[in-house]
Amino acid sequence: MHDLTQATPAVPATVQALQQHLGVRAPECAVLLGSGWGSLADRVEDAITVPYAELPAFPHLAVGGHAGALKLGNLQHQGRRVRVAVLAGRKHAYETGEADGMKGVVHSLAAWGVKLLVQTNAAGSLEAAMPPGSLMLVEDHLNMVQRSPLFGVAGDDRFVDMSAVYDPALRAQALALAAQAGATLHRGVYAWVMGPQFETPAEIRMLKMLGAQAVGMSTVPETILARHAGLRVLALSMMTNMAAGLSDENLSHAHTMQTARAAADAAVDLLCALLVDLKL
Ligand code: HPA
């Protein structure tokens, strides 16, 4: 494993704080919660919570009164349990124009010993067959922003192989487990756009031509960081709206969040079902 402290000097102090609060042994899996997925944090049992503010390499978040917190504990599904770190709070690139807002988080998780980063997000759907409320397993992505969280990072391993970043073996397991659970899990390509404005209909037509099934403003930077740090990655998108021009609805954050709340229970159920049975 390469030296992540070169890229983020606050990593050793953060790992020390994580170990002090949560234990020397890291969970195998960390789950980064996107918009609409917050209720997963409420399902963590025997939880210990550490605010991001107590973790030096973690970002300072100030949006919507959520300061960010890491919750360590157990998730349960049908009698099976898994120990996970749930991260509520993400620094988005649209807040600053920089793609590396979560660098300290990912590097600290990797240095602590986490092996898998499961990402969740809210996205706009480009597929009529994937209406609002649908879930999509991310198979690949389009980095439309053409920025990297690895700008400024030294060393040859910054040239990360991106040919299979969303772990093929874990994706196959996720699809099989979803089928077993009787849940519909779509598959597709997630296009990362900078935001914070939504897309124009012309931009959505372009993304469709390029092969995207979903569009969103997160996830890709953390995927790049995680692969660079040697973590496996799995990502799930919740469709909160049809993308611009594909329905008569006007797009608004309030509307996407409303759809997300309605779809959250089923989404979080499925995620728990996957997490307890994934074999790393
Ligand atoms: N576009 C970009 N990001 C999003 C969307 C969208 O339509 N919906 C939720 N996040």
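The values are calculated or read from the model by the stated rules, or taken from the named source; none is laboratory data. Quick caveat: nothing in here was measured; it's all calculated off a predicted structure. Methodologically, a virtual Cβ is constructed for each residue, glycine included, from the backbone with ideal geometry; neighbour enumeration extends over all protein chains shown. Heavy atoms of the whole protein, side chains included, go into the accessibility calculation; ligands, DNA and RNA do not. Shrake-Rupley method; radii C 1.70, N 1.55, O 1.52, S 1.80 Å.
In table form, for the structure just shown:
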read-out: Breaking point among (1) open to solvent by 20 Å² or more (accessible area, probe 1.4 Å); (2) at pLDDT 95 or above, for Thr96; value: (2)
read-out: Residues of the stretch 115-139 classified as within 16 Å of the ligand (Cβ to nearest atom), more than 13 Å from the chain's Cα centre (by Cα) and closer than 15 Å to Lys208 by Cα, total; value: 6
read-out: Residues being at pLDDT 95 or above and either more than 16 Å from the ligand (Cβ to nearest atom) or in contact with a helix residue (DSSP H, G or I) (Cβ under 8 Å, 6 or more places away or on another chain) (or both) - total across the stretch 242-267; value: 4
read-out: Strands (runs of 3 or more DSSP E) wholly inside the stretch 1-100 that include at least 1 residues being touching a residue at least 60 places away in the same chain (Cβ under 8 Å) and closer than 25 Å to Gly230 by Cα; value: 29-33, 69-77, 80-88
read-out: Qualifying residue in the stretch 240-248 (condition: within 21 Å of Leu33 (Cβ to Cβ), touching a residue at least 12 places away in the same chain (Cβ under 8 Å) and not in a loop (DSSP other than H, G, I, E, B)); value: yes
read-out: Total residues in the stretch 92-114, condition under 15 Å from the mean Cα position of the chain (by Cα) and within 16 Å of the ligand (Cβ to nearest atom); value: 3
read-out: Residues located in the stretch 190-205, provided they are more than 17 Å from Ser148 (Cα to Cα), more than 9 Å from the ligand (Cβ to nearest atom) and crowded, with 16+ Cβ neighbours inside 10 Å; value: Glu203, Arg205
read-out: Members of the stretch 209-241 found to be among the hydrophobic types (A, V, I, L, M, F, W, C), near the ligand (Cβ under 10 Å from one of its atoms) and touching a helix residue (DSSP H, G or I) at 6+ places or on another chain (Cβ under 7 Å), listed by number; value: Val215, Met217, Met238
read-out: Among residues of the stretch 210-228, those that are buried (at least 23 other Cβ atoms within 10 Å of the Cβ) and more than 13 Å from the chain's Cα centre (by Cα), counted; value: 5
read-out: Looking only at the stretch 249-269, and only at residues there that are of a type outside the set (A, V, I, L, M) and in a helix (DSSP H, G or I), the one that is least open to solvent (accessible area, probe 1.4 Å); value: Thr256
read-out: Filtered residue count, the stretch 111-141, keeping only those that are buried (at least 18 other Cβ atoms within 10 Å of the Cβ), touching a Leu at 6+ places or on another chain (Cβ under 9 Å) and either at pLDDT below 95 or of a type in the set (A, V, I, L, M, F, W, C) (or both); value: 11
read-out: Sole exception among (1) among the hydrophobic types (A, V, I, L, M, F, W, C); (2) buried (at least 17 other Cβ atoms within 10 Å of the Cβ); (3) touching a residue at least 60 places away in the same chain (Cβ under 8 Å) for Met162, by number; value: (2)
read-out: Out of Leu22, Leu55, Leu33, Leu18, sole residue that is modelled with pLDDT under 95, open to solvent by less than 50 Å² (accessible area, probe 1.4 Å) and of a type outside the set (Gly, Ala, Ser); value: Leu22
read-out: Residues (of a type in the set (A, V, I, L, M) and part of a loop (DSSP other than H, G, I, E, B)) located in the stretch 139-160; value: Met144, Val145, Leu150, Val153, Ala154, Val160
